[in-house]
Amino acid sequence: MEKDFKYSNSVIALPLFFVLFLWFIYWLEIRFDFDFVENGILPRTFSGLQGVLFSPFIHSDINHLFSNSIPLLVLLTALQFFYRKQSFYVIVFGIALSGLITWIIGRESYHIGASGLIYVLVSFIFLKGILTKYYRLVSLSLSVIMFYGGMIWYVFPKVDEAISWEGHLGGMISGFLFAVFLKTPEYHKVIKYDWERPDYDSSEDKFMQRFDENGNFVNLPIEIDEDDFLSYYTSNFPVDYEIVVKQKNELNPEI
């Protein structure tokens, strides 16, 4: 079990490389006056399909890029550490599926930004941890909800017309689907004590028997086997006692 949660260089390298690549793309736009917006998702158009793959790497301005960079660093690190074997599928197919959903349901405008992938990561990490019921992953799920739970409001229309709620919704749906269908190991807590076993019966536990119904510590009564007692202290044969006077030894008065 513990071998599934081991640190490696990829835990830091993958998120860092991904985010730095986003900043490199934005630098190209600024440095060479490129405009990659038209490479985003344009719903229900053939040319707009290219955005299914390209849109997460395109951002409108530095504030847009910065607001996505921190969550991506945190969530990709968590994904790579706790779900190392599933991380490739979640990232690659998460980008593709969330982008495709956006292409189908989106408004007729260009949809860009990595926020769809962020919603994939949040929804996957949250639901997968709950489904595994393993205490470490459940703790991770609750931590994700504590920090990013407010994002749920941005999957609804008209909350903010400037954002792509369709991309957020597509990302959340994709993450939930991956959480349900991607297989993870069966995590079980290692049983160290008898009381952790499902068939544990406290009435048969010698230690628990020393507590009464009110929880007070009591000494167990001493059980004496009557047969053993009688065998040591009774006999069917008569016993004759003879009193012998001790004779003093004249040669050795001390004896």
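The values are calculated or read from the model by the stated rules, or taken from the named source; none is laboratory data. Worth saying up front: this structure is predicted, and the values here are computed from it rather than measured. So basically every Cβ, Gly included, is an ideal-geometry build from the backbone, and we count neighbours across all protein chains shown. Please note that ligands, DNA and RNA were not included when accessible areas were found on the heavy atoms of the full protein model with its side chains. Shrake-Rupley method; radii C 1.70, N 1.55, O 1.52, S 1.80 Å.
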So what is log10(I(q)/I(0)) for the stretch 1-124 at q = 0.18, 0.23 1/Å, when the Debye sum runs over its Cα atoms only?
-0.94, -1.32
Quick one: compute the contact order of the stretch 1-142, relative version, from alpha carbon pairs under 8 angstrom and 6+ residues apart, as a percent.
29
Heavy-atom accessible surface of the stretch 7-132: percent carbon and sulfur, 1.4 Å
72
Cα-Cα longer than 25 Å, checked against Lys133/Lys206; Lys158/Lys183; Lys133/Lys158; Lys6/Lys128, kept in input order, equals Lys133/Lys206; Lys158/Lys183; Lys133/Lys158
Normalised Cα Rg of the stretch 44-101, dividing by 2.2 N^0.38 Å with N its residue count, works out at 1.28
Projected label distance in nm at Gln209 and Ile163, using a 7 Å step from Cα toward the beta-carbon
6.3
Relative contact order [Cα under 8 Å, 6+ residues apart], the stretch 1-65, whole percent:
27
Burial ranking of peptide ranges 111-120, 30-39 (average Cβ count within 10 Å, highest at the top):
111-120, 30-39
Over the stretch 35-103, what is the mean sequence separation of C-alpha contacts under 8 Å (at least six apart), divided by residue count, expressed as relative contact order in percent?
42
